[in-house]
1. Would a scan of the range 179-190 turn up a residue that is of a type outside the set (Ser, Thr, Tyr) and at pLDDT below 85?
2. Going residue by residue through the range 101-109, is there one that turns out to be of a type outside the set (Ser, Thr, Tyr), part of a helix (DSSP H, G or I), without any contact (Cβ under 8 Å) to a residue 40 or more places away in the chain and under 30 Å from Ser197 (Cβ atoms)?
3. Any idea which residue in the range 73-121 is farthest from Gly42 (Cα to Cα), counting only those that are surrounded by fewer than 18 Cβ atoms within 10 Å (Cβ to Cβ) and polar (S, T, N, Q)?
4. Kindly establish whether Ser168 is under 16 Å from Tyr263 (Cα atoms), out of contact with any Pro (no Cβ under 8 Å at 6 or more places or on another chain) and without any contact (Cβ under 8 Å) to a residue 12 or more places away in the chain.
5. Would you mind stating whether Ser129 is surrounded by 12 or more Cβ atoms within 10 Å (Cβ to Cβ), in contact with a helix residue (DSSP H, G or I) (Cβ under 8 Å, 6 or more places away or on another chain), over 20 Å from Ser228 (Cβ atoms) and touching a residue at least 60 places away in the same chain (Cβ under 8 Å)?
6. So if I check each of Ser25, Ser44, which one is within 31 Å of the chain's Cα centre (by Cα) and touching a residue at least 24 places away in the same chain (Cβ under 8 Å)?
7. Filter the range 242-266 down to residues that are part of a helix (DSSP H, G or I) and surrounded by fewer than 21 Cβ atoms within 10 Å (Cβ to Cβ) and give me whichever is modelled with the highest pLDDT.
8. State all residues of the range 198-226 that are under 27 Å from the mean Cα position of the chain (by Cα) and surrounded by fewer than 15 Cβ atoms within 10 Å (Cβ to Cβ); if no residue qualifies, say none.
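The values are calculated or read from the model by the stated rules, or taken from the named source; none is laboratory data. Remember, it's a predicted structure, so these values are computed and weren't measured experimentally. Reconstructed Cβ throughout: ideal geometry from the backbone, glycine too, with neighbour counts over all protein chains shown.
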Amino acid sequence: MKVANKIFNFSTFLMAIVPAVALISIFYFVFNESLPLWRFSGFSFFTTYLWDPGFQYQPPILVHGVLAPPGAQFGLDLFLLGTISTSLLAIIIAFPISFLITINVELYLPSRIKKFMISMIELFAGIPSVVYGLWGIVVLEPILFKNVEPWMARHLSFIPGFGGEVYSGAGLVASGIILSFMIIPIITSVIVNSFDSVPKEVKEGLFSLGATRWEVGKYLTTRFSRSSMVGGTLLGLGRALGETMAVLMVSGAIVNTLPTSFYSATNTMAAAITSLLDSALTDSTRMDLAALAALAVVLMGISLGVSLVGRKIAGRGALRGYESD
């Protein structure tokens, strides 16, 4: 029996460290693959937006001790700007919608309908990202191009970034909307779980004192669910930062051109890695591949930073749907 217990304890220990080992292994592989880029570009990788794999069919040249195609240069700024702007826009759109959904589900809907709505929200989260992207191309982009963005350009041009020419509907606005649809279920689920964890006596006591449903919702939000709202928002932000296919389909996937307005095409780090990987594999010096690996290193660093900040501010409990002490 003691032998069986030892085997079980050792097996559970191995399973527990698998995620940590996998994460460290992936980061080590990506960082090791990116080392030639850091020697080739140095700090200039963070100060330019130009991305040019160079003349790959000419003899490579030696730069700072590493081989690279003639004329090659790689910059992060365009993809970093696109990643941050689309993710922040998605949070700005998704958070108030998730909050209002939670208030309605928890305080206004009957219990049977509430269960149905929660099931629909969870089902919404399971839709593949490529489906969101296809819907964005077929439905969302024409609406933005014909109606929404021209109206914004006419009436909101006094706000920096809202003036300018409307192009095709693909770009920052479309990417932010698509990402918001994808993260609304995540944020909503966390906040709903937090509301459900509030003792029933608290809710009944507030109603007995004459509070309206909206007042009860505000009280629960400010006194019981603040950390969960932060945690859910950061979980949604993590999903938005790393989303690839849907953004690739509706962003315009530009390279070497900085966006000039909200209507311009954009690009993100995750989408760029996907779209540029095929051509990078043809580079015999592997410098193009090292540059994409460097993008992955930065993206992993940002995602890890968001997670650490979320745990610091909200605590682990908020990320699991309940408040920490």
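1. Here is the first cut: in the range 179-190, the residues of a type outside the set (Ser, Thr, Tyr) are 179, 181-187, 190.
Of the ones still in play, those that are also at pLDDT below 85 are 190.
There is at least one residue in the range 179-190 that is of a type outside the set (Ser, Thr, Tyr) and at pLDDT below 85.
2. Yes, the range 101-109 contains at least one residue that is of a type outside the set (Ser, Thr, Tyr), part of a helix (DSSP H, G or I), without any contact (Cβ under 8 Å) to a residue 40 or more places away in the chain and under 30 Å from Ser197 (Cβ atoms).
3. Top of the filtered list is Ser111.
4. It is false that Ser168 is under 16 Å from Tyr263 (Cα atoms), out of contact with any Pro (no Cβ under 8 Å at 6 or more places or on another chain) and without any contact (Cβ under 8 Å) to a residue 12 or more places away in the chain.
5. Against the criterion (surrounded by 12 or more Cβ atoms within 10 Å (Cβ to Cβ), in contact with a helix residue (DSSP H, G or I) (Cβ under 8 Å, 6 or more places away or on another chain), over 20 Å from Ser228 (Cβ atoms) and touching a residue at least 60 places away in the same chain (Cβ under 8 Å)), Ser129 qualifies.
6. Details: Ser25 fails: touching a residue at least 24 places away in the same chain (Cβ under 8 Å).
Of Ser25, Ser44, the one residue that is within 31 Å of the chain's Cα centre (by Cα) and touching a residue at least 24 places away in the same chain (Cβ under 8 Å) is Ser44.
7. Only one residue fits best here, namely Met245.
8. Once the filter is applied, which keeps residues that are under 27 Å from the mean Cα position of the chain (by Cα) and surrounded by fewer than 15 Cβ atoms within 10 Å (Cβ to Cβ), the range 198-226 yields only Thr222.
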